[in-house]
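Structure first, then comments.
Read the figures in this text as sums done on the coordinates, not as results from a lab. Being a predicted model, the structure only gives us computed values, none of them experimental. Backbone-built Cβ (ideal geometry, glycine too); neighbour counts: all protein chains shown.
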There are 2 protein chains.
Amino acid sequence: MTGAEILLETLVANGVEFCFMNPGTSEMHFVAALDRVHGCRGVLCLFEGVCAGAADGYARMTGKPAAILTHLGPGLGNALSNLHNARKARVPVVSIVGEHTRSHLNYDAPLSADISAFAKPVSEFVRTAMRPDDVGPAASETIAAALAAPGQVATLIIPADLSWSEAKGAGSVIAASAPQAVQVETIRSAAALLTGERTGLLLGGKSLNDRAFEAVARIAETTGVRVFMDRYAPKLPSGRGRFQPHRIPYFPEAALPLLANLEHMILVESQAPVTFFGYPNSPSYLLPEQCKVFTLAGRTEDGTGAMERLALLAAGSANVGHGAPFAGSAHAPAGVAFQESDPISAAVLGITIAGLLPENAIVSDEMISMGPQVLPYLLAAKKHDQLPVTGGSIGQGLPVALGAALACPDRKVVALEADGSGMYTPQALWTIAREQLDVVTVILANRRYRILDIEMKRTGAHGYGPRAEEMISIGRPNIDWVKLSESMGVPAVRVETPGQFAAEFRKAMETRGARLIEAVIG
Amino acid sequence: MTGAEILLETLVANGVEFCFMNPGTSEMHFVAALDRVHGCRGVLCLFEGVCAGAADGYARMTGKPAAILTHLGPGLGNALSNLHNARKARVPVVSIVGEHTRSHLNYDAPLSADISAFAKPVSEFVRTAMRPDDVGPAASETIAAALAAPGQVATLIIPADLSWSEAKGAGSVIAASAPQAVQVETIRSAAALLTGERTGLLLGGKSLNDRAFEAVARIAETTGVRVFMDRYAPKLPSGRGRFQPHRIPYFPEAALPLLANLEHMILVESQAPVTFFGYPNSPSYLLPEQCKVFTLAGRTEDGTGAMERLALLAAGSANVGHGAPFAGSAHAPAGVAFQESDPISAAVLGITIAGLLPENAIVSDEMISMGPQVLPYLLAAKKHDQLPVTGGSIGQGLPVALGAALACPDRKVVALEADGSGMYTPQALWTIAREQLDVVTVILANRRYRILDIEMKRTGAHGYGPRAEEMISIGRPNIDWVKLSESMGVPAVRVETPGQFAAEFRKAMETRGARLIEAVIG
């Protein structure tokens, strides 16, 4: 077998089902091997950032790594932004990079670059295969690194000549390690802190799931503690009938009062909350000075199990029934009626989507400025999963939707995408069309980097003039998302009124297949 | 003044005319400063790779650095591929990256990343400003590094709080250093090697210009030496009436026989030629074993001046008239006639473009597989400049055209772009439309990564089947370049016959403005 075949066999043996790829010359033997070694499907993406975001979306839905395949240092470079997001999501990704033949590295050829240096800023593990017989073991080591709890980006660099050489020794099968159980003393210490609304529980990582939500609902009901969730979690089960932690707001003005009276914050697979950016005369750290932080479960630990045990302890403890109010689940805002002459607003989007979203849908959120207004309405939708922004690098929404749709072919995927954000990786639409995925993209077209309007003022850069305005507006020329989408094979429609949006969104929910709705925001 | 104003003032004082930007929160004060400090124009790009490629194109045409402005590590990440190309072009680029406020770096916020590590693989110089008063000096140091001969990518990282703080001390004005003159002994030694067709001269870097071509034409005529050019040079003056060095072919099968009888290769701002990729049973190094390499001028030296002096020496030397044949200038292939029923082929494109290209046009070439067939015809066009692939990372063609058009507003720019390549940075079209640039893009639509068909066979990965085929074809679905272009404001048309192409290309050459022609390749 060739090194390329060994590599593919090792991926297949380890349950890696998909390889999102944008191959070049160095990867031709890997591509050719797809027809001889079955079980890992190649999915072509026209830009490497799409590969990385798709692997992220796949991993968020399955907990399993997908592979990505990119070409030399600069090809990997195009994937870094979304690998950063995957790294911050703490999901497993196996990033395979083709390198020049070993002998070719002696020459300064045009594409020569330090691949390892490209990989390191986003990759917890980087390994270069050194000999043909090293390909299998190196692949297994990379998969093991990707699976290290809670999940990591791991990079494997394969010189081209190793791919075409005869190789022995397929890599071993790696068992995904179960998260560590939390010590009983730690749970007892946490239980002692459950003394009402001045104690918070902050859930993150994999602890955002129904089992954990049931446990934490019981804890909140019994003890009156308040329950929060990490804003930048990889996956958030949402919708009516579920207990919902309160999401910590994006801006410090909203977050600080919410957290102001806390004396204890108990962390579950999360970290003490901080702002997204630093601002003049405003703190980055969001907890009040008096608040003590206690880690119930670290990122590599079983936070869900810990909360279930904590719930049992709380039910039997002296704290029960001490009269603290139940802070409870987060709720959707009240609905409002709107007329056909109204503009398409956050409320129109939120209420309409909440009303029509089918059970078990997956929502990839990259709405940016409109997100905080739209998302609360989805608490009233049928049960669904949200895939939030994690690392904050723009351009993840469409690729994550693509990966989620391949991971869950029987679930409707809805990408809620800003028009500015969608322009970083629009190539995802082509792969969505090719793979005939059930992905409905809603473009929130406000023709601006609206978040920068807000941030411009927040950073104290008041009074900007026409030259700065040109850097914030993306409306000269307007991007025609209908043509852009159709150019890559995804049927599309533009809507400008609440009724048009509702009609098109309903149709998209009722039929299977890729579709894009450009919603012009009033 | 704020740090942001100091930074902008330092750029303006150093003649940096353009900043290609995709800003975020950390850069808001820089954006706001555009209205208070004039002389450096902000040009908004919707993706960071467009910023980097545009700065490359600008620098190739002017020899001067433009600035790019990106947002934190992942924003820079999106620019790395085209910064790699700029690095290999050895052009000056000032890459400015906004960082979190210094105090915010204590927290692991979503967008936190090691910006310096992102920058290093493509940047010869990386500097982080440490205090408000350090912004000006740090900017000047970065500009000086960018201008270090022959030109470098230099990175300046600016924490957001330095941008909004009061700062003193604008940076100094950096004088671009002239390239070093070559020692007379070196020129004498080179002259002794000018003994006919077994000696080659290989021109690269800035030595591809009319002065150098005139000198080298005299040397070739006098001594019979053969003149070659680096395939991956940043700028190539071409067209009839110019002496044209022979471009070293892409594939070793063509390059090796061309170079086989050389006994000496004299390098001028170039390196000994190597293949683009390493292949099984084929050398990377292209010069024959007996060939000795002599460096007349290194990359930081004045190769043009050296060749002028060498020409004088050769004219007066004993070698004159020893009967060696004049290997001469490269010439265009003979024209062929084609009928309206013929498909659009490389000959159709090459002959039509050569016949219609206006004097002094600029041609950005990212044709990839069709390039070697199309480009030789342009030797018969009116005088023009070609901007070739340099670092080999795909996605430079449209951004480089954008930057060249801003650098040279009175010259027609033609981007010859493959359909695969164009999909890495299609967002360049939006900025071309917004800036109302005179850029005509020709998309060579063969619906495949055709180069990979060739490379698949060359690397010995024969016999690929339907799964591999899916990774090479980009025709399911076909990309509709007319809609894609129009979606971003560039009028477009599709052509399928030689006559249609000629008519549309003629119209585009005769009218000013952005336009795209999708040429469906038969």
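Observations on the structure shown:
- Prolate/oblate/rounded call for the protein assembly as shown, Cα gyration tensor, a/c under 1.5 rounded: prolate
- Starting from the label point of B:Ser473 at 7 Å along Cα→Cβ, the same points in the other copies fall at 4.5 nm, in ascending order.
- Placing a label point 7 Å from the Cα of A:Ala175 along the Cα-to-Cβ direction, the distances to the matching points in the other copies come to 7.2 nm, shortest first.
- Partners of A:Lys292 within straight-line reach, counting aspartates and glutamates whose Cα lies under 16 Å from its Cα and excluding those fewer than 8 residues away in the same chain: A:Glu197, A:Glu263.
- Check: chain B dipole with +1 on Lys, Arg Cβ and -1 on Asp, Glu Cβ, in debye: 880 debye
- For q = 0.10, 0.13 Å⁻¹, Debye-computed log10 I/I(0) when each Cα of chain B counts as one equal scatterer: -0.84, -1.28
- Nearest-20 debye value, the protein assembly as shown charge dipole, Cβ charges on Lys, Arg, Asp, Glu: 160 debye
- Along each principal axis, taking the top coordinate minus the bottom one, the Cα set of segment B:1-127 gives 43, 34, 25 Å in descending order.
- Equivalent ellipsoid, segment A:89-234 (semi-axes from 5 times Cα gyration tensor eigenvalues, Å): 46, 17, 10
- Spatial separation of Cα centroids for segment B:5-21 and segment A:399-436, in angstrom: 38 Å
- Prolate/oblate/rounded label for segment A:26-88 (Cα gyration tensor, a/c 1.5): oblate
- Shortest-first nm distances, A:Phe294 label point to equivalent points in other copies (7 Å, Cα→Cβ): 8.2
- Distant-in-sequence amide H partners of A:Ser95 (H built 1.01 Å from N, under 5 Å): A:Ile68, A:Ala154, A:Thr155, A:Leu156
- Annotation for segment A:222-299 versus segment B:210-267: alpha-carbon center distance of 66 Å.
- Rounded to the nearest 500, the 222 nm mean residue ellipticity of chain A from helices alone is -10000 deg cm²/dmol, with -39,500 (n - 2.57) taken per DSSP H run of at least 4 residues.
- Ranking B:Leu193, B:Met1, B:Ala461 by Cα position along the charge dipole of chain B, where only Lys, Arg, Asp and Glu carry charges on their C-beta atoms, puts B:Leu193 farthest toward the positive end.
- With an a/c value of 1.5 or above and a/b larger than b/c for the gyration tensor axes a ≥ b ≥ c computed over the alpha-carbon atoms, segment A:360-501 is described as prolate.
- For the pair segment B:380-397 / segment A:115-185, the C-alpha centres are spaced 39 Å from each other.
- Farthest toward positive dipole pole in segment A:104-163 [+1 Lys/Arg, -1 Asp/Glu at C-beta], among A:Ala129, A:Leu162, A:Ala119: A:Ala119
- Here the chain B residue lying nearest the rotation axis onto A, judged by its C-beta and given with the distance in whole angstrom, is B:Lys483, 2.
- Listed pairs A:Lys483/A:Lys507; B:Lys206/B:Lys507; B:Lys64/B:Lys382 exceeding 30 Å between Cα atoms: B:Lys206/B:Lys507
- Under 16 Å of direct C-alpha separation, and excluding same-chain neighbours fewer than eight residues apart, A:Lys120 reaches these lysines: A:Lys88, B:Lys120.
- Mean per-residue shielding of peptide A:120-132 is 2, counting Cβ atoms of other chains within 10 Å of each Cβ.
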